[in-house]
Amino acid sequence: MRQSQLFTKTFKDSPKDEVTINAQLLLRAGFINKELAGVYSYLPLGLRVLNKICNIIREEINTIGGQEVFLTSLQSQELWEKTDRWSDEVVDNWFKTELKNKTVLGLAFTAEEPLTAIMKNHIKSYKDLPVYAYQIQTKFRNELRAKSGIMRAREFLMKDLYSFSRSQEEHEQFYEKSKEAYLKIFERCGLGSQTYLTFSSGGVFSKYSHEFQTLTNAGEDTIFVDKNKKIAINKEVYNDEVLNSLGLKKAELVEEKAVEVGNIFTLGTKFSEPLGLKFTDENGKQQTVIMGCYGIGPGRVMGTIVEIYHDEKGIIWPEAVAPFQIHLISLCKDENDKKKADEIYNNLIKQNIEVLYDDRDASAGQKFADSDLIGIPIRYIVSSKTLEQGSVEVKNRKSGKVEMVEITKFFSVN
């Protein structure tokens with residue numbers, strides 16, 4: 001991508017109505033556009049990052065047997081009434097809309113009901129199980145407040161996976177696999193060292209559910225962390241009984257602020273029972289399907305990465321999710337030198353290297369400031385001076401290390 005053709009622009013000043021670092025930097029760097037409170041559009045740079053996070057999620061979820069689907073956002077009142085989740089008194093963050101014929105519909109905030117209803121057409125026998133279906137879909141939640149940038153939005157992307165199992169034992173085996181997959185996802189996204197498997201309230205069907213909490217001062221949750229055992233407890237279930245059951249000691253726990261980047265729940269028969277999702281077992285008897293739910297917010301992951309990886313100049317993207325691998329900056333003024341910079345760009349493209357090429361007619365200061373703000377991990381600088389030396393200046397965005405690298409080592413330039 002030539003930066004002269006990228007319609008995204010950068011801004012010097014932070015928006016006055018944004019208090020979180022992720023919103024300030026992503027808006028200033030031109031990754032997102034704010035439509036209204038809690039609602040953001042993803043621009044070309046932002047969408048590249050979001051897609052990379054989603055692809056990491058897909059790869060790890062597919063590895064444990066996930067099958068991707070894509071459900072509708074419009075949901076029927078009748079279906080949700082069967083599980084007693086239509087009323088605003090039960091679920092207070094619904095967005096609802098009305099058709100011209102006065103039929104009221106809901107805008108999806110989760111998908112247990114619709115996917116369970118779909119499974120009634122596909123699960124009849126024990127031979128049809130287990131099934132692990134997931135989607136990456138836009139969700140809508142009528143949040144009372146939306147002040148955390150893309151970490152808490154009213155319209156957002158969510159990966160929601162639902163497991164359908166024959167028995168509690170089969171469910172628990174997949175549940176453990178999902179824990180491992182989630183930790184791999186956050187590791188690959190650059191959040192591994194700051195993210196903790198966190199014990200939280202389990203609801204009706206299990207003693208605990210599990211959150212994946214990433215340490216950051218921008219987080220809304222309080223957790224107590226055992227950094228040696230790499231586990232944590234949410235404040236909501238922090239008591240002596242829980243500590244004893246987990247073999248943890250208060251003296252070894254550190255209180256931290258964190259943001260929940262993922263969660264997994266045992267659902268049991270909470271949805272399969274009222275919606276009639278059953279199967280015939282090996283003995284010809286009818287059994288109710290055991291379910292689980294597993295969520296990750298790709299946008300929230302993206303915002304959390306920015307909260308952790310930044311400095312006073314801008315974002316510092318981990319390599320795996322950066323919008324481009326290399327930011328190639330041309331400071332050339334002479335036409336022949338400009339052509340050599342173009343050749344370097346074209347050769348990088350031929351090697352399937354993702355490059356943002358700053359070919360704009362702008363000052364060196366502006367180009368460097370924009371590069372720092374955008375945060376691509378590696379910067380290549382080409383100028384008349386470096387070309388005279390047959391080299392490219394290479395700078396690491398994170399470490400600040402600079403070295404001169406001979407063009408001939410990486411590029412085939414005439």
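The values are calculated or read from the model by the stated rules, or taken from the named source; none is laboratory data. If you're wondering where the values come from, they're calculated on a predicted model, not measured in any experiment. Don't worry about glycine lacking a Cβ; one is built from the backbone with ideal geometry, like all the others, and counts go over all protein chains shown.
For beta carbons closer than 8 Å, sequence separation of 6+ or different chains, a first residue in region 43-59 that is farther than 16 Å from Gln5 by Cβ and a second that is aliphatic (A, V, I, L, M) and part of a loop (DSSP other than H, G, I, E, B), the qualifying pairs are Val49/Ala322; Lys52/Ala322. Within region 43-88, being surrounded by 18 or more Cβ atoms within 10 Å (Cβ to Cβ), hydrophobic (A, V, I, L, M, F, W, C) and over 20 Å from Ile185 (Cβ atoms) holds for Leu43, Leu45, Trp80, Trp86. Here Lys249 meets the list (1) of a type outside the set (A, V, I, L, M); (2) in contact (Cβ under 8 Å) with a residue 24 or more places away in the chain; (3) in contact with a helix residue (DSSP H, G or I) (Cβ under 9 Å, 6 or more places away or on another chain) almost entirely, failing just condition (2).
When every residue of region 347-356 is checked against the conditions, none turns out to be outside any strand (DSSP E or B), surrounded by 20 or more Cβ atoms within 10 Å (Cβ to Cβ) and touching a strand residue (DSSP E or B) at 6+ places or on another chain (Cβ under 7 Å).
Find the strands (runs of 3 or more DSSP E) located wholly in region 24-124 whose residues include 1 or more that are assigned by TED's automatic domain parsing to the domain that holds Lys159, under 19 Å from the mean Cα position of the chain (by Cα) and not hydrophobic (A, V, I, L, M, F, W, C), and list them.
Numbers: elements: 32-36, 39-42, 74-76, 95-98, 104-107.
Qualifying strands (runs of 3 or more DSSP E): 32-36, 39-42.
Of all the residues that make up region 1-21, how many are assigned to a loop (DSSP other than H, G, I, E, B) and either out of contact with any helix residue (DSSP H, G or I) (no Cβ under 7 Å at 6 or more places or on another chain) or in contact (Cβ under 8 Å) with a residue 24 or more places away in the chain (or both)? Break it down into steps so the answer makes sense when it comes.
Taking region 1-21 as the starting set, the residues that turn out to be assigned to a loop (DSSP other than H, G, I, E, B) are 1, 6-20.
When the remaining residues are screened for being either out of contact with any helix residue (DSSP H, G or I) (no Cβ under 7 Å at 6 or more places or on another chain) or in contact (Cβ under 8 Å) with a residue 24 or more places away in the chain (or both), the result is 1, 6-10, 12-13, 16-20.
Of the residues in region 1-21, 13 are assigned to a loop (DSSP other than H, G, I, E, B) and either out of contact with any helix residue (DSSP H, G or I) (no Cβ under 7 Å at 6 or more places or on another chain) or in contact (Cβ under 8 Å) with a residue 24 or more places away in the chain (or both).
Looking across region 1-42 at every residue that is basic (Lys, Arg) and surrounded by fewer than 17 Cβ atoms within 10 Å (Cβ to Cβ), the one that is farthest from Ile316 (Cα to Cα) is identified as Lys16.
Scan Val225, Val204, Val242 and give me the residue that is among the β-branched types (Val, Ile, Thr), modelled with pLDDT under 90 and at negative phi. Walk me through it before giving the result.
Numbers: Val225 fails: modelled with pLDDT under 90; Val242 fails: modelled with pLDDT under 90.
Matching residue, one of Val225, Val204, Val242: Val204.
Thr103 falls short on exactly one of the conditions (1) within 30 Å of Val254 (Cβ to Cβ); (2) surrounded by fewer than 20 Cβ atoms within 10 Å (Cβ to Cβ); (3) polar (S, T, N, Q), and that condition is (1).
The one condition from (1) under 15 Å from Val69 (Cβ atoms); (2) touching a helix residue (DSSP H, G or I) at 6+ places or on another chain (Cβ under 6 Å) that Arg166 does not meet is (1). Within region 315-327, work out how many residues are small (Gly, Ala, Ser) and surrounded by fewer than 20 Cβ atoms within 10 Å (Cβ to Cβ). Within region 315-327, residues that are small (Gly, Ala, Ser) and surrounded by fewer than 20 Cβ atoms within 10 Å (Cβ to Cβ) number 1. For region 260-278, check the following and say yes or no: at least one residue is part of a loop (DSSP other than H, G, I, E, B), under 20 Å from Thr83 (Cα atoms), in contact with a Ser or Thr (Cβ under 7 Å, 6 or more places away or on another chain) and among the small types (Gly, Ala, Ser). Checked against the condition, which is being part of a loop (DSSP other than H, G, I, E, B), under 20 Å from Thr83 (Cα atoms), in contact with a Ser or Thr (Cβ under 7 Å, 6 or more places away or on another chain) and among the small types (Gly, Ala, Ser), region 260-278 yields at least one hit.
When we screen Gly276, Gly262 for residues that are under 19 Å from the mean Cα position of the chain (by Cα), at pLDDT 95 or above and either more than 30 Å from Lys409 (Cα to Cα) or not hydroxyl-bearing (Ser, Thr, Tyr) (or both), the only hit is Gly262.
From the list Lys229, Lys257, the lone residue that is in a loop (DSSP other than H, G, I, E, B) and either in the same structural domain as Gln168 (by TED's automatic domain parsing) or free of Cβ contacts under 8 Å to residues at least 12 places away in the same chain (or both) is Lys229.
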